[in-house]
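> Questions regarding the structure given below will be posed in turn.
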Amino acid sequence: MAAANDPADPRFACDAMCGGLARWLRALGYDATFSPSVADAELVRHALHDGRVLISSDGPMFARRLLRDGTVASLFLPRGLRLSEQVEFVVRRLRLAVREPRCMSCGGELERVSAEEVGDRVPARSLVWATEFHRCTRCQRVMWNGTHWRRIASVRQAAATWRCEG
């Protein structure tokens, strides 16, 4: 991997094969973009312009001069890894700390809100038992501490140990 513009606050650009990884990097608190229809050259330009670490499992992409010479920070993701293994590989390789989660859909920051603020956007049965609600400041999506949130928490907890184990 080449050096990112700000190693203390890495941001990521994931290629078309890494959409699931981008979503999980967001869950770990990182700004990660994913555009499935963007050509390789455009993705490299985007990573360069925005100071992002480009993540790809496309070997030929790494033959590009800007990646080869380290102008664009990059990480080759081995092919054949399941999504959970991709997340673990990136966390271990880059020693990523777990941060406050971001919206897995768009990458926006999450704000804690009351049930009253979002009650009209949450299923009635979830309002009965859910104790925490969050809203994305970008796309306005609402999340609560249901089974999906518990799964996210489980992956986040595991990621904290992966970083420590290197």
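The values are calculated or read from the model by the stated rules, or taken from the named source; none is laboratory data. Small disclaimer: the values here were computed from a predicted structure and weren't measured. Note: ideal-geometry Cβ built from the backbone for every residue, glycine included; neighbour counts use all protein chains shown.
> Checking residue 51 against (1) touching a residue at least 12 places away in the same chain (Cβ under 8 Å); (2) on the phi < 0 side of the Ramachandran plot, which test does it fail?
(2)
Residue-wise test of (1) within 30 Å of residue 59 (Cβ to Cβ); (2) of a type in the set (A, V, I, L, M, F, W, C); (3) touching a residue at least 24 places away in the same chain (Cβ under 8 Å); (4) not assigned by TED's automatic domain parsing to the domain that holds residue 29.
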site: 77; (1), (2), (3), (4): yes, yes, yes, no
site: 80; (1), (2), (3), (4): yes, no, no, no
site: 83; (1), (2), (3), (4): yes, yes, yes, no
site: 87; (1), (2), (3), (4): yes, yes, yes, no
site: 119; (1), (2), (3), (4): no, no, no, yes
site: 122; (1), (2), (3), (4): no, yes, no, yes
site: 125; (1), (2), (3), (4): no, no, no, yes
site: 129; (1), (2), (3), (4): no, yes, no, yes
site: 134; (1), (2), (3), (4): no, no, yes, yes
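> Over 18 Å from the mean Cα position of the chain (by Cα) and assigned by TED's automatic domain parsing to the domain that holds residue 24: does that describe residue 51?
So residue 51 fails the test.
> In the stretch 146-166, which residue that is within 18 Å of residue 131 (Cβ to Cβ) and in contact with a Phe, Trp or Tyr (Cβ under 9 Å, 6 or more places away or on another chain) is modelled with the lowest pLDDT?
Top of the filtered list is 146.
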